[in-house]
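Single-structure report; data block below.
FYI, it's all coordinate maths here, none of it is from the lab. Bear in mind that the values here come from a model prediction, so they are computed numbers and not experimental data. Cβ: placed from backbone, ideal geometry, glycine included. Neighbour counts: every protein chain shown.
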Amino acid sequence: MDSATKHDQWIAKVCDQLNKLIQLDFDAAGTYREALLHIDDATVRSDLHDFLGDHERHVIELTRIVRDLGGTPIEAHRDFKGVILESMTRLRSRGTLGALRAMRMNEKLTNRSYDKASDVYMPPLGQVIVMENLGDERRHLAAIEAHIDRLTGKHTFDIDRIDREATERTYLR
């Protein structure tokens with residue numbers, strides 16, 4: 001009987017963690033909707049629209065996992081943190097670059113939360129979805145940073161080194 005109680009407590013903690021991620025993804029979707037209102041670059045708009053879809057999918061998948069574990073999924077709603085995140089996104093979103101910078105801040109928060117959740121011991125059913133979603137979050141942040149670099153003219157690669165290596169390769173032939 002005692003082991004069932006411990007198991008139930010463990011599952012309740014896992015479901016609580018997954019419910020926090022449901023709310024996080026719900027809030028993230030709201031920030032993407034707000035940011036998309038300020039985007040005038042077609043490539044950025046396409047990526048952010050895809051990322052919005054990822055966050056909406058995360059809510060659906062995490063909700064299903066909580067149910068499959070026997071827990072009760074939260075009713076995701078616009079909570080205080082969500083209102084603050086959307087407001088910060090709105091304030092910082094002056095054009096595409098401002099919206100991207102706001103979303104970079106939001107994605108860093110989301111990445112930290114998923115990193116933390118990935119350390120929680122949970123059944124494989126939950127662990128797999130958390131790791132897949134973490135991969136999505138990392139991809140979102142990398143793409144947003146790449147768009148910022150492109151729009152500001154900054155590059156994360158060394159053009160001189162690339163030219164040098166290309167020149168050296170021609171001499172080796």
For LYS154, list the lysines whose Cα falls under 29 Å from its own Cα; do not include residues on the same chain fewer than 8 positions away. LYS108
Short version: ³J(HN,Hα) in whole Hz for each residue of the range 134-147, in order, from phi by Karplus 6.51 cos²θ - 1.76 cosθ + 1.60 (θ = phi - 60°), x for Gly and Pro, what are they? 4, x, 4, 5, 5, 5, 4, 4, 4, 5, 4, 5, 5, 5
First check a/c for the range 1-52, with a ≥ b ≥ c the square roots of the eigenvalues of its C-alpha gyration tensor; if it is under 1.5, answer rounded, and if not, answer prolate when a/b is larger than b/c or oblate otherwise. prolate
Calculate the spin-label point distance for MET105 paired with ASP16, positioning each point 7 Å from the Cα along the beta-carbon direction, and give it in nanometres. 3.0 nm
Going by Cα centres, the range 46-73 and the range 1-41 are how many Å apart? 8 Å
